[in-house]
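First up is the structure itself, then whatever we jot down about it.
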Amino acid sequence: MPQVIVVQTTIDSRAAAERLAEAIIHEGRGACVQIAAPIMSVYKWEGKIQKEEEYLVSVKTTDQALSLLVELIRQLHTYDVPEIIALPVIDGGHDYLSWVADQVNTQ
C-alpha cells in the first residue's frame, strides 16, 4: 500500500480554498480536503512583517501522487510562492488509510 501523507497549503480566501479543494478531488489528487479557517499567519515578506488572514487547506493523499498534487496546487494557487508542505502519516486506521489510497489517482 502507498504511504498516506497530508499536504498543506494556505490561501487567501474561502472561495479560492474551495476551488482548490474541488479541483483536487475532481482530479483525484487527494481523497479528502479539509479547509480550516480563518487562521492568522505572521511572516516576513520582502523585509516587512506581514499579518494575513488565510485559509488552511489540508489534503489526505499518497506519496505516489505528491508531485501531481504539487503541480496542480501551483497551477491554481493565488500566491507567487505558495506554502506546500507534505507531512507523513505514521499510523492510522487500516480501513481509512486503504480508502485514502484507493481514492487517489497517481496518473
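Worth pointing out:
- Unique match (being farther than 15 Å from Ser13 by Cα, among the aromatic types (Phe, Trp, Tyr) and surrounded by fewer than 18 Cβ atoms within 10 Å (Cβ to Cβ)) among Tyr96, Tyr79: Tyr96
- Close pairs from the stretch 1-23: first crowded, with 16+ Cβ neighbours inside 10 Å, partner in a helix (DSSP H, G or I) and of a type in the set (Ser, Thr, Tyr), Cβ under 9 Å, at least 6 apart: Val4/Tyr96
- Lone unmet requirement of (1) surrounded by 15 or more Cβ atoms within 10 Å (Cβ to Cβ); (2) hydrophobic (A, V, I, L, M, F, W, C); (3) free of Cβ contacts under 8 Å to residues at least 60 places away in the same chain; (4) touching a helix residue (DSSP H, G or I) at 6+ places or on another chain (Cβ under 9 Å) for Cys32: (3)
- Residue count for the stretch 35-60, restricted to those that are loosely packed, with under 14 Cβ neighbours inside 10 Å and either within 11 Å of the chain's Cα centre (by Cα) or more than 21 Å from Ala86 (Cβ to Cβ) (or both): 13
- Going through (1) within 28 Å of Met1 (Cα to Cα); (2) out of contact with any Cys (no Cβ under 7 Å at 6 or more places or on another chain) one by one, Gly47 falls short only on (1).
- Qualifying residue in the stretch 21-41 (condition: closer than 23 Å to Trp99 by Cα, in contact with a Gly (Cβ under 9 Å, 6 or more places away or on another chain) and modelled with pLDDT of 95 or more): yes
- Which numbered condition Gln107 fails, given (1) of a type outside the set (Asp, Glu); (2) crowded, with 17+ Cβ neighbours inside 10 Å; (3) out of contact with any strand residue (DSSP E or B) (no Cβ under 8 Å at 6 or more places or on another chain); (4) outside any helix (DSSP H, G or I): (2)
The values are calculated or read from the model by the stated rules, or taken from the named source; none is laboratory data. Because the structure is predicted, anything quoted here is derived from the model rather than measured. Virtual Cβ from ideal backbone geometry, glycine too; neighbours counted across all protein chains shown.
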